[in-house]
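The structure appears right after this line, and notes come after that.
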2 protein chains.
Amino acid sequence: MQLAGILHRPESEDTAILADHQVLMRLKTARQDIEQVELYYADMYLWQEGAPMQHATMHAGLATQGNQYWTLNVDIPTNRLIYAFKLTDLAGETLGYGDEGFFDDTAANWAVTGRYFHLPYLHVSDAELPPAWVKDTVWYQIFPERFANGDTTNDPANVQPWGQGPVKRDSFYGGDLKGIINHLDDLADLGINGLYLCPIFTSPSDHKYDTIDHFEIDPHFGTKKDFQALVDGAHARGMRVMLDAVFNHFGDHSPQWEDVVKNGQNSRFADWFHIHDFPVGRNADGQLNYETFATGAAMPKVNTQNPAVQQYLIDVTKYWIEQFNIDAWRFDVADEVDHGFWRNLCGALRAVKPDVYLLGEAWHSSQALVNNGQFDAVMNYPLTQPILVLFNGELTLDDYVGKTNLQLMQYRQPNQQAMFNALDTHDTARMLTIFHDDTTKVRAALTLLMLLPGSPCIYYGTEVGLAGGPDPDNRRCMEWDETNQDLDLRQFVQTLIAWRKAHSDFLATSAISWQVQGASLTLTRQ
Amino acid sequence: MQLAGILHRPESEDTAILADHQVLMRLKTARQDIEQVELYYADMYLWQEGAPMQHATMHAGLATQGNQYWTLNVDIPTNRLIYAFKLTDLAGETLGYGDEGFFDDTAANWAVTGRYFHLPYLHVSDAELPPAWVKDTVWYQIFPERFANGDTTNDPANVQPWGQGPVKRDSFYGGDLKGIINHLDDLADLGINGLYLCPIFTSPSDHKYDTIDHFEIDPHFGTKKDFQALVDGAHARGMRVMLDAVFNHFGDHSPQWEDVVKNGQNSRFADWFHIHDFPVGRNADGQLNYETFATGAAMPKVNTQNPAVQQYLIDVTKYWIEQFNIDAWRFDVADEVDHGFWRNLCGALRAVKPDVYLLGEAWHSSQALVNNGQFDAVMNYPLTQPILVLFNGELTLDDYVGKTNLQLMQYRQPNQQAMFNALDTHDTARMLTIFHDDTTKVRAALTLLMLLPGSPCIYYGTEVGLAGGPDPDNRRCMEWDETNQDLDLRQFVQTLIAWRKAHSDFLATSAISWQVQGASLTLTRQ
Ligand SMILES: [Ca+2]
Ligand SMILES: [Ca+2]
């Protein structure tokens, strides 16, 4: 038996509380090593008073490059569980596995409490279950400056004609909230039931990830009245609304940073950033004397460990929930912000809106950001990006399956259902361009996306064949001229979304299996 | 290469932040499979701008039954890291390992950001480093009713002569706070610098784990003035003081439960417990209609998810810190209480005393209770109990080493240094009795305890040869008659404690290795 490959960890994603009294158990073993896994389990106190140990056979689940996963859904009437695994390998050898490691399969060993893993007491609140609506949601991501211009009176100076390329950094085309409102019926018709808006707060840029004032709508996008109409209009159509906040760094035109630039260490915001020396700027060696996002001077990193900063940012996020009834927040560069802050912020937001969806941006496996009082989910690029590589023929079917299964096993099932699954976003090249304009591949990739657990998202325009390379070309103006839209593709996406929504419960929870035969890959959900 | 055995997980105990800009990396592989592990690492942004990838060879560390651990202390100047492992097996085969799994060792693969694990940004606050004083502390656990009777005027009715056996449940002998105060010099002489007191709050029992009023000292133990004198006397001698709180359940004589019994669902405490039906009691089938600790009717489980309960318990714990300046809290049955509550409570206590030591009771591996805003450490029975089994000759040397190393690898190094390592407590038989009165084994076990990382604890009387079987016999009166004390043993313990305290920094951080040769086990710290 390959002991090195056998692993289980209580109160990790290996033990997902699905509901009161119900836990989904996982065990990892080496591939092609184990014939059978049985789970032995009991309430410790009742067992010590003579109640029998129960047992059940686990199911072989997904496999990664090196490991086989085994799963079992267990009912736990008293909410307390001790348990251990009895493994039988392909040669018929048996072994026990529990909290102290491996033990010989003898009655004497199975009688010792210390041999067992513990789930001391299940509190369903500790499951931190994501809002149930998320798994039924198909999102549509809007880059507001480029979606639709509904009010030319609020256009920036030097606005360019809609759709005129090439798109440059800090091109302006006049898109705004009114434009989104005007097209809510189109989005409802497409089947969308969640809007994810890139930042809408005041900012000098087109992308607005360099916020000036988190409490104000950028005037080029409209007014708070417009935003209220947008939220109400979305809700009236059964759509949730998610806003985007950048708390890792502020723009260098934010009043806080400008005050630091002006007043140095006497600024009341001097502790709002990570500043090594005053005045802020570059040392003789050319190094910045403050921390930033990446290496750019214009995005000073925020000191989210400062309680005053925490309160300000909590107030910001509560404000848009309490005043406008938004349903979700997406947090930019969440992985570079401290966990202590996220715990405080997420707790405060769930206190005002228990079913708020809290999503962190990350580009890699991010178990540390999910649960433990933090996010419901992260942007799930590690699951979605291999789909693009697969359909471009740059990944073997086996490698695709291995990578995908690795990601599917990284999180608890309820979180996996709430993961934000996008094939393209404002941060990536557009799918159609990655696929060299092959719309068949776009259809295939979207279909596979819809078949996987998680909350899928369509980047604006993908449904009508909008193309675009890396930033800023991925932020072209939405194509509204039907003669230039791929209406067949739109029809396909509409049908796909309708099908997905009709089966979202099934797709969230049903078993996944893959069969690779030659050049053919079969995905079965059952 | 045994892929199944290779595992690393960012932002888990595999990546312990030791200090600002410093991380202790761990990787797990199969035993006897890997010849060399190299870590490749860089700041992602600087690397993408052309800075070179760095690399360093990891050290072979501890081994468990199936796995070999590899470690490396890495300096991270910018606080941001991407990294991947290059593994070379005994046959000379090489392979890369990172966030997407295993990859061929080609330059093309090493050039892809997605191949690497991420530590997006290290915030030393997220390390949640335990107080530095804990690793330098040798604790002494006192069961107050049995340590010393310093004031016969406060004795319970029907008090028995000191030391008269057999000890029964709810025997009373008159021990109290004044008795502890009277012996502070003895404890200082022994070398003790931490006092852990079992509960001292009002309660009808001798053990006082069934609290009536968390804000009051039990009158049989003394007064708040006595307690203040005890804390001040301890502090004057360089000793920290830890109190013990039971928040999983209340005693059935608590005013809250009595109110529920009297007023049923109209009680203002009806939501303070987990009650299925009113009036509280037994159903026709004999089952209790409320949740309890274990299966006893007298210990109703507290609803720690109720915000009012949370505030009450936070107020309790803050009170004893703010009014009496205690240094630590030990929480009984911590593993059966919800994590959300512990996060709120621990956060509130660290806000009033940043270097407070917060310890949870658990009897098994408990990574879910440590960090993530919760405890500094847990009671480390899985590390200490095998020592007893080892010296009783019931465990092979290899099995002892495997079990011990498994536990040593369960937590981050800073938490491992703060683990509460006790060979016997009020909840176990006494070591001397487990060892069939062989004091040589007591000396050996204490010596091994002192050589391991963690914060060691002596159960009162162990140092003078106090014996006792399981509860209640393990709670015999302290032996104060020197003619009945094992003074040689006390001298040995005194010397051992002095040596431990002189080398506590070294013992907390130095490498551990074990050599088994026949019947000989060598532990090397270097
Ligand atoms: Ca406009
Ligand atoms: Ca007394």
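The values are calculated or read from the model by the stated rules, or taken from the named source; none is laboratory data. For clarity, every value in this text was computed on a predicted model and none was experimentally measured. Methodologically, a virtual Cβ is constructed for each residue, glycine included, from the backbone with ideal geometry; neighbour enumeration extends over all protein chains shown.
Quick notes
- Scan the stretch A:225-280 for residues that are touching a residue at least 60 places away in the same chain (Cβ under 8 Å) and aliphatic (A, V, I, L, M) and the total you get is 6.
Residues are listed down the side, and each one gets a yes or a no for (1) touching a Phe, Trp or Tyr at 6+ places or on another chain (Cβ under 7 Å); (2) under 28 Å from A:R412 (Cβ atoms); (3) within 11 Å of chain B (Cβ to nearest Cβ); (4) modelled with pLDDT of 95 or more:
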| site | (1), (2), (3), (4) |
| --- | --- |
| A:Q65 | yes, yes, yes, no |
| A:L87 | yes, yes, no, yes |
| A:G96 | yes, yes, no, yes |
| A:F102 | no, yes, yes, yes |
| A:A111 | no, no, no, yes |
| A:L119 | no, yes, yes, yes |
| A:W133 | no, yes, no, yes |
| A:W139 | yes, yes, no, yes |
| A:R146 | yes, no, no, yes |
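- Residues of the stretch A:357-409 that turn out to be among the hydrophobic types (A, V, I, L, M, F, W, C) and within 8 Å of chain B (Cβ to nearest Cβ), as a count: 4
- Selected residue (criterion: nearest to the other protein chains (Cβ to nearest Cβ)) from residues of the stretch A:282-308 that are loosely packed, with under 12 Cβ neighbours inside 10 Å and in a loop (DSSP other than H, G, I, E, B): A:Q287
- Output for the stretch B:1-47, where each listed residue is within 12 Å of chain A (Cβ to nearest Cβ), hydroxyl-bearing (S, T, Y) and part of a strand (DSSP E or B): B:T15, B:T29
- Count of the stretch B:422-433 residues which are of a type in the set (V, I, T) and farther than 10 Å from B:N474 by Cβ: 0
- Residue list for the stretch B:48-63, filter: within 13 Å of chain A (Cβ to nearest Cβ) and either free of Cβ contacts under 8 Å to residues at least 40 places away in the same chain or basic (K, R) (or both): B:E49, B:G50, B:A51
- Flag for A:P279 being in a loop (DSSP other than H, G, I, E, B), within 16 Å of ligand 1 (Cβ to nearest atom) and surrounded by fewer than 21 Cβ atoms within 10 Å (Cβ to Cβ): no
- Helices (runs of 4 or more DSSP H) enclosed by the stretch A:416-526 - at least 1 residues per element that are in contact (Cβ under 8 Å) with a residue 60 or more places away in the chain: A:439-451, A:487-502, A:504-509
- Those strands (runs of 3 or more DSSP E) lying entirely in the stretch A:70-176 with at least 3 residues buried (at least 21 other Cβ atoms within 10 Å of the Cβ) and out of contact with any Lys or Arg (no Cβ under 9 Å at 6 or more places or on another chain): A:81-89, A:139-142
- Residue in the stretch B:255-263 that is within 28 Å of A:Q48 (Cβ to Cβ) and assigned to a loop (DSSP other than H, G, I, E, B) present: no
- Subset of the stretch B:191-231 that is of a type in the set (G, A, S) and under 22 Å from B:A294 (Cα atoms) - its residue that is surrounded by the fewest Cβ atoms within 10 Å (Cβ to Cβ): B:S205
- Residue pairs whose Cβ atoms lie under 7 Å apart, separated by 6 or more positions or on different chains, with the first residue in the stretch A:173-186 and within 19 Å of A:H235 (Cβ to Cβ) and within 14 Å of another protein chain (Cβ to nearest Cβ) and the second small (G, A, S) and near ligand 1 (Cβ under 7 Å from one of its atoms), do not occur.
- Remark: A:R146 matches the filter, which requires a residue to be more than 29 Å from B:Q407 (Cα to Cα), of a type outside the set (F, W, Y) and in contact (Cβ under 8 Å) with a residue 12 or more places away in the chain.
- Residue within the stretch A:263-271 that is more than 28 Å from A:F341 (Cα to Cα) and surrounded by fewer than 16 Cβ atoms within 10 Å (Cβ to Cβ) present: no
- Helices (runs of 4 or more DSSP H) wholly inside the stretch A:321-412 containing at least 1 residues that are over 22 Å from A:V442 (Cα atoms): A:339-352, A:397-408
- Test: residue in the stretch A:184-192 that is in a helix (DSSP H, G or I), of a type in the set (A, V, I, L, M, F, W, C) and within 16 Å of ligand 1 (Cβ to nearest atom): no
- Taken residue by residue, the stretch B:198-205 has at least one member that is more than 16 Å from ligand 2 (Cβ to nearest atom), in the same structural domain as B:I321 (by TED's automatic domain parsing) and not in a loop (DSSP other than H, G, I, E, B).
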